[in-house]
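A.B. asks: Mind looking over this structure? Questions follow.
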Amino acid sequence: MKLTGQCWVYGDDVNTDVIFPGKYTYTMTNVADFKKVALEDLDPEFAKNVQPGDIVVAGKNFGCGSSREQAAVCFKMCGVKVIVAKSFARIFFRNCVNNGVLPIVCPEAVNALRKGDTITVDLEHSTITLGELPPFSFPPLSPSVTAIIDAGGLIPMLRKKLGTEHLPMPEPKFSTE
């Protein structure tokens with residue numbers, strides 16, 4: 001699978017309170033609305049201008065802070081399918097995978113990328129390409145992560161394995177309690 005998109009570039013230690021502002025944690029429960037506030041305090045233009053397929057690029061420790069799942073979900077709701085970073089906070093990394101957003105660790109690519117660059121992430125060959133530059137390599141995905149990403153997230157993958165993908169699924173809601 002190849003994913004091509006335009007880059008949005010951010011620095012080190014971007015925490016989950018900046019990705020999905022903490023002030024909405026207990027007031028915003030409709031996941032479709034999450035995209036409206038993504039990165040609101042860091043980059044007010046992101047939510048207004050991000051396009052499905054765009055790629056977030058970040059420095060070290062992306063997604064640090066709380067284990068709030070809304071931070072990964074807001075990217076999914078924006079149509080971001082890939083985040084390339086120098087490193088990820090462990091829980092955010094897993095929340096991304098579980099929600100079908102692919103976290104890629106590739107410091108060399110991050111150093112070369114600029115806002116607005118168009119890149120292609122090739123999962124089959126574990127490379128990122130930017131124009132005429134030689135491709136940047138990243139560690140191949142494990143079969144379990146690949147299966148989750150290919151299915152669109154952990155719940156869709158499990159529903160497929162259990163043969164329940166044809167059954168209706170309620171809209172996800174985050175509790176305010």
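Read-outs throughout are calculated quantities, based only on the coordinates presented, and are distinct from any laboratory measurement. Quick caveat: nothing in here was measured; it's all calculated off a predicted structure. All Cβ positions, glycine included, derive from the backbone under ideal geometry; neighbour counts span all protein chains shown.
A.B. asks: Rank these for me by crowding, LEU167, LEU130, going from fewest to most other beta carbons within 10 Å. Please list the in-between numbers first.
C.D. replies: Details: LEU167 8, LEU130 17.
By the 10 Å Cβ count, ascending, the order reads LEU167, LEU130.
A.B. asks: Give me the one-decimal nm value for the distance between modelled label points at ASP13 and THR164, 7 Å along each residue's Cα-to-Cβ direction.
C.D. replies: About 4.3 nm, to one decimal.
A.B. asks: Given a cut-off of under 8 Å on Cα pairs at least six residues apart, what relative contact order in percent is computed for segment 88-169? Working shown, then result.
C.D. replies: Numbers: 79 pairs, mean separation 25.1, N = 82.
Computed over segment 88-169, the figure is 31 percent.
A.B. asks: Right, something else. Enumerate by residue number the chymotrypsin sites (Phe, Trp or Tyr not before Pro) in segment 36-91 meeting two conditions: DSSP loop (anything except H, G, I, E, B), and at most 15 other Cβ atoms within 10 Å of the site's Cβ.
C.D. replies: On the way: sites: PHE46, PHE62, PHE75, PHE88; in loops: none.
The qualifying sites: there are none.
A.B. asks: While we're on this one: Starting from the Cα of LYS36, step 7 Å along the direction of its Cβ; do the same at LYS23; then give the gap between the two resulting points in nm.
C.D. replies: 1.4 nm
A.B. asks: Considering the options PHE138, GLY59, VAL73, tell which one lies farthest towards the positive end of the dipole of the chain, charges being +1 on Lys and Arg and -1 on Asp and Glu at the Cβ, about the Cα centre.
C.D. replies: The residue sitting farthest along the positive end of the dipole is VAL73.
A.B. asks: At what distance in nm do the modelled label points of GLU45 and VAL105 sit from each other, each positioned 7 Å from its Cα along Cα→Cβ?
C.D. replies: 3.1 nm
A.B. asks: Counting pairs of alpha carbon atoms under 8 Å apart in space and at least six apart in sequence, what relative contact order in percent does segment 2-162 give? Each step should come with its number before you reach the end.
C.D. replies: Values: 331 pairs, mean separation 38.9, N = 161.
It rounds to 24 percent for segment 2-162.
A.B. asks: Same structure again: Does segment 38-108 come out rounded, prolate or oblate, given a ≥ b ≥ c as the square roots of the eigenvalues of its C-alpha gyration tensor, rounded meaning a/c under 1.5 and, failing that, prolate meaning a/b above b/c?
C.D. replies: On the way: a/c = 1.37, a/b = 1.27, b/c = 1.08.
The shape class here is rounded.
A.B. asks: Let me ask something else. Quick one: net charge of GLN6's neighbours, Cβ under 10 Å, K/R +1, D/E -1?
C.D. replies: Numbers: positive: LYS115; negative: ASP54, ASP117.
The answer is -1.
A.B. asks: Same structure again: Given all pairs of different Cα atoms, what value in angstroms does the Kirkwood hydrodynamic radius of segment 2-162 take? Kindly include the intermediate steps, with their values, before the conclusion.
C.D. replies: Values: mean 1/r = 0.0640 Å⁻¹.
So the Kirkwood estimate lands at 15.6 Å.
A.B. asks: If the only charges are +1 at each Lys and Arg Cβ and -1 at each Asp and Glu Cβ, what is the size of the charge dipole of segment 2-162 around the Cα centre, to the nearest 20 debye? Mind showing how you got there, number by number?
C.D. replies: On the way: 17 positive and 16 negative charges, 113 e Å.
Approximately 540 debye in magnitude.
A.B. asks: Most mobile of LEU154, LEU133, LEU113 per a Gaussian network model of the chain (Cα springs, under 10 Å)?
C.D. replies: Fluctuation is largest for LEU133.
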